[in-house]
1. What about Y113, is it among the aromatic types (F, W, Y) and touching a Ser or Thr at 6+ places or on another chain (Cβ under 6 Å)?
2. Kindly indicate whether any position in region 83-90 is surrounded by fewer than 16 Cβ atoms within 10 Å (Cβ to Cβ) and within 24 Å of D115 (Cα to Cα).
3. Residue by residue through region 224-271, note down the ones that are touching a strand residue (DSSP E or B) at 6+ places or on another chain (Cβ under 9 Å) and acidic (D, E).
4. Give all pairs with beta carbons closer than 6 Å in which a residue from region 69-98 that is of a type in the set (K, R) meets a residue that is surrounded by fewer than 18 Cβ atoms within 10 Å (Cβ to Cβ) and part of a strand (DSSP E or B); count only pairs at least 6 apart in sequence or on separate chains.
5. Those residues that are within 14 Å of V150 (Cβ to Cβ) and either among the hydrophobic types (A, V, I, L, M, F, W, C) or touching a Lys or Arg at 6+ places or on another chain (Cβ under 6 Å) (or both), I need them from region 196-233; list them, please.
6. Residues being in contact (Cβ under 8 Å) with a residue 24 or more places away in the chain and either polar (S, T, N, Q) or over 17 Å from I208 (Cβ atoms) (or both): count how many of those fall in region 154-180.
7. For region 174-213, name all the residues that are buried (at least 23 other Cβ atoms within 10 Å of the Cβ) and of a type in the set (D, E, K, R).
8. I'd like to verify a number: residues in region 214-248 that are out of contact with any Asp or Glu (no Cβ under 8 Å at 6 or more places or on another chain), in a strand (DSSP E or B) and buried (at least 24 other Cβ atoms within 10 Å of the Cβ), how many?
Amino acid sequence: MRLRKSFFWHVCLLCSLFLIPSLAACDGLPTISVGLAAQTPTPTINTWNQAAPGVEVRSEIWKSSDGASDTVSIVRFNLRYVKLSVAYQPDQPLSMEDWMQKEHATALINGGYFDGQDNATALVISNGQAFGTSYDGFGGMLDVDAQGHVQVRSLREQPYAPSEGLTQATQCTPMLLLNGKRTQFNADNKASPRSVVAMDKQGRLLFIVSPGAEFTLDDLAALLAKSDLGLVNALNLDGGSSTGLYLNAGSQKITIDSYVNLPLVVVVKEK
């Protein structure tokens with residue numbers, strides 16, 4: 001995450017409290033449009049909408065224990081119908097919209113952390129080419145092996161080894177759920193936009209995004225654990241002004257724009 005992000009978030013927080021009635025009106029916050037074509041329907045709780053073969057969409061209002069709430073967008077993928085890749089170009093970061101056009105993707109979500117020079121702060125593997133250094137003893141990884149198998153894993157429980165021959169990977173921290181239970185971690189207690197990648201008990205991949213600056217990481221871990229999504233492992237991705245989610249599948253469209261251009265995104269396409 002860029003160092004300059006905190007400044008923009010403080011400005012936006014002041015705007016939301018004193019000047020602007022809607023958080024979405026502040027240029028420092030991700031913008032969100034969710035719905036069918038150009039419409040933005042009222043979220044239907046606990047209802048999956050079929051977007052394309054193997055792609056389902058759901059929108060929910062989640063509330064934390066202290067009363068904070070946000071509309072959370074969830075996309076669930078049956079991996080028999082889609083394929084996953086990691087796109088990485090630190091020399092030319094792009095907006096989410098530009099990434100969608102470049103990749104001709106069904107869906108995109110932002111990847112792991114990156115520094116002020118747009119270099120990933122942990123291991124990235126894009127189309128078989130590795131960049132950076134793996135986290136050691138902490139954090140987690142979304143990866144794809146040479147056979148196309150996808151997993152979300154704890155790097156403490158299952159450290160990365162170059163001999164694995166992974167074709168795609170992005171790392172971030174912390175793991176929020178492990179083996180169906182929320183984890184314990186040290187993190188700041190600030191509310192921020194959040195993005196998560198997870199796997200459920202049926203082996204499906206989920207992208208989960210909370211675009212409002214409402215939940216801390218502790219809030220999010222607790223909400224994921226008590227949800228009815230049947231999650232096994234869940235990994236926090238780079239949140240804040242990097243938070244972004246795009247979906248273009250059938251009549252279902254989600255547009256949550258990150259504030260900054262991104263050097264690193266996770267790409268889903270139809271097989």
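We did not get these values from a lab; they are worked out from the coordinates using the rules stated. None of these values were measured; they are calculated from a predicted model. Positions of Cβ are generated from backbone atoms using ideal geometry, with glycine treated the same way; all protein chains shown enter the neighbour counts.
1. Working: among the aromatic types (F, W, Y): yes; touching a Ser or Thr at 6+ places or on another chain (Cβ under 6 Å): yes.
Against the criterion (among the aromatic types (F, W, Y) and touching a Ser or Thr at 6+ places or on another chain (Cβ under 6 Å)), Y113 qualifies.
2. Of all residues in region 83-90, those surrounded by fewer than 16 Cβ atoms within 10 Å (Cβ to Cβ) come to 89.
Checking the rest, the ones that are also within 24 Å of D115 (Cα to Cα) come to 89.
For region 83-90, residues surrounded by fewer than 16 Cβ atoms within 10 Å (Cβ to Cβ) and within 24 Å of D115 (Cα to Cα): present.
3. Within region 224-271, D238, D257, E270 qualify.
4. From residues that are of a type in the set (K, R), the pairs are K83/K269.
5. V197, A198, M199, R204, L205, L206, F207, V232
6. 12
7. If the condition is that a residue be buried (at least 23 other Cβ atoms within 10 Å of the Cβ) and of a type in the set (D, E, K, R), then R194 is the only one that fits.
8. 5
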